Amino acid sequence: MMQPQTELKNLLQRIDKKGYPAYKDTKGSYDFKKYIFSIDHVQGDPFASPSKMSVYIRGEAAGFPAEYYREKECRIALADDLLRRFGRNLRKASGRPSGSGKSGLLFVTRPGQEILERSALEIDEKNGGITVRFEIGFPANGRTINARELVKIIYEILPPCIFDSLYYAALNAKEVERVYRLAKDQMYIRQELKHKNLAAFVANGAVLPRESGISGLPMKGAVAFVSPPSMETELNLPYHGTIKGMGIKRGITLIVGGGYHGKSTLLKALESGVYPHIAGDGREFVITEESAVKLRAEDGRSIKRTDISMFISNLPNKKDTVHFYTEDASGSTSQAAGVVESIEAGAKTFLMDEDTSATNFMIRDELMQRVVNRESEPITPFIDRVGALYTTCGISTILVAGSSGSYFHKADCVIQMNHYKPYEITENAKQAAEQYPMVQEEALPWGTPDFQRIIKPDKSFRDPRFKIKTMGLDGITLAHDTIDVRYLEQLADNEQLNLLGYLMKYAQCHVFDGKKTLSQVVDALVQRMEERGIASVCDGSYVPCNLAAPRRQEIFAAFNRYRKLML
């Protein structure tokens, strides 16, 4: 039931200096005339996780042009920009917290360089209404309520932050328009990848190196990217106009060069290119087709009934590789499983780095082939499948190689990185490769992998005490079981892991019926989020303020790495 804002102030004055549990009475929604302020969850004591707030602004009051939020990509970009504005103003306005525990702490999601769909700020696609979610540590001295400080936060600090951040009339219209235009240009490039048969596009002038290994900010003074003339592609963007850059065609692309010359930096940019980036990032116009998956070896991971027979068969212990199962995968079996699982997830581009791949999965050199004959080797290396993956399945591969030249024979395009500058050397590489002919083993035939993995429900997920925790970008803990996702290198934000945890719990409670395959389960989850929003998979009385949408590929990957998954 909606209450007038005066009721909240009167209530806070009545409970001032009482015991902390009295704060529970403030839960509810209050009409502040120009917006609705809601206290969705009240913390149990000053040392607990801060209380959850939300503010709703009606679309006509927010006043943003309809074209800015009508399309999903533009709506997410606008929401991202408004969230950053609100966060900056909140941090600027709030003083140093004082009191017990988390007293006076004001927190709202602080996005990185990628633009992600988040629960922290959502815009209604129909009417432009804005909901922003954040946290406040309700002030206390010891465990005694300090209501006067909370009144100051709610009635003095918050209103200017809201008005200056979330109302179109208060913003610089040209700055908001630039956000919309960049989103439209990024959408256009992604569409042009399909029309021009490209796996990725890297604009001239892009800044690919990052400030450090723990920072997503662009490196100052870095060498700007310039496409090789032979690969230069011109695009006419709706707003930016003509732009040129390197178009990586679908097929097999090899990135080579000496150490520290930018091979992995380029690949990292392509990995991140599945997401749009904010203006000033340097990678605004580095766009990779959206289903691309970075693959690597993951020693020790679990594999559940995955058909890896296209790479591994005829094991000496007669173990079934069509329904392969292990709790402790080797580098080669983990990477083989990763390829097949990514096919199941709909990937159309594989991104791989020789440094993080299993050597015996990637290649068998001539001498090894002569010493260990085909009949004695159960692994069919990736080099023997990479061509068929493209011609048969339409899956391109972009591979960084620094030591093995065998892939020169398979590559459609070879890019050499030299002092962070790319050079297209396909013809020279092919000529050099002719002097080192491969001893081509006859690859065993393979059919379509078996993806009919039926998921069974797990009753433990229905336990009301079931908790979800995340550990940075490394893992998701469901109850007492941890899913290791540290090698899913395209996860960009801890909040994506939060949502993955909720997705897995929701699927166990509401989707798994003992009849659906994993693909059908993920389809159902993705459809629900598209129709009802990303927070629709959360059970509870309020929407968490710390969720970000993962891609379909990462949803598959999380399920595949869950050791308790019942298949």
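The values are calculated or read from the model by the stated rules, or taken from the named source; none is laboratory data. Keep in mind that what you see is a predicted model, and the values were worked out from it rather than measured. When we count neighbours, we look across all protein chains shown, and the Cβ atoms used for this are built from the backbone with ideal geometry, even at glycine.
Taking the stretch 470-497 as the range and being more than 11 Å from the chain's Cα centre (by Cα) and closer than 24 Å to residue 268 by Cβ as the test, the residues that pass are 470, 471, 472, 474, 475, 476, 483, 484, 485, 486, 487. Listed by position, the strands (runs of 3 or more DSSP E) enclosed by the stretch 153-259 that each have at least 2 residues that are in the same structural domain as residue 406 (by TED's automatic domain parsing) and either without any contact (Cβ under 8 Å) to a residue 60 or more places away in the chain or under 30 Å from residue 409 (Cα atoms) (or both) are 198-203, 210-212, 232-237, 241-249, 252-257. Just to be sure before I move on: is residue 567 outside the structural domain of residue 120 (by TED's automatic domain parsing) and buried (at least 23 other Cβ atoms within 10 Å of the Cβ) in the structure I sent? Taking the combined requirement at face value, the residue does not satisfy it.
This table checks each residue for (1) of a type outside the set (Val, Ile, Thr); (2) buried (at least 18 other Cβ atoms within 10 Å of the Cβ); (3) within 23 Å of residue 144 (Cα to Cα).
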site: 1; (1), (2), (3): yes, no, no
site: 6; (1), (2), (3): no, no, yes
site: 10; (1), (2), (3): yes, no, yes
site: 19; (1), (2), (3): yes, no, yes
site: 39; (1), (2), (3): no, yes, yes
site: 42; (1), (2), (3): no, yes, yes
site: 45; (1), (2), (3): yes, no, yes
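For the residues 118, 133, the requirement of being touching a Cys at 6+ places or on another chain (Cβ under 6 Å) and buried (at least 17 other Cβ atoms within 10 Å of the Cβ) singles out 133. Candidates are the residues of the stretch 402-412 that are within 30 Å of the chain's Cα centre (by Cα) and surrounded by 19 or more Cβ atoms within 10 Å (Cβ to Cβ); the one that is farthest from residue 391 (Cα to Cα) is 407.
The set of residues in the stretch 185-237 that are exposed (fewer than 15 other Cβ atoms within 10 Å of the Cβ) and in contact with a Leu (Cβ under 7 Å, 6 or more places away or on another chain) contains only 211. Applying the condition of being among the basic types (Lys, Arg) and over 21 Å from residue 515 (Cβ atoms) to the stretch 446-479 and asking which residue is surrounded by the fewest Cβ atoms within 10 Å (Cβ to Cβ) yields 465. Of the residues making up the stretch 25-56, those that are part of a strand (DSSP E or B), among the small types (Gly, Ala, Ser) and either at pLDDT below 95 or under 29 Å from the mean Cα position of the chain (by Cα) (or both) are 51, 54. Can you name every residue in the stretch 519-549 that is part of a loop (DSSP other than H, G, I, E, B) and either under 19 Å from residue 481 (Cβ atoms) or modelled with pLDDT under 95 (or both)? Of everything in the stretch 519-549, those that are part of a loop (DSSP other than H, G, I, E, B) and either under 19 Å from residue 481 (Cβ atoms) or modelled with pLDDT under 95 (or both) turn out to be 538, 539, 540, 541, 542.
No other residue among 70, 96, 84, 88 is at pLDDT 95 or above, assigned to a loop (DSSP other than H, G, I, E, B), surrounded by fewer than 22 Cβ atoms within 10 Å (Cβ to Cβ) and not assigned by TED's automatic domain parsing to the domain that holds residue 533 apart from 70.
The set of residues in the stretch 324-365 that are touching a residue at least 60 places away in the same chain (Cβ under 8 Å) and more than 29 Å from the chain's Cα centre (by Cα) contains only 364.
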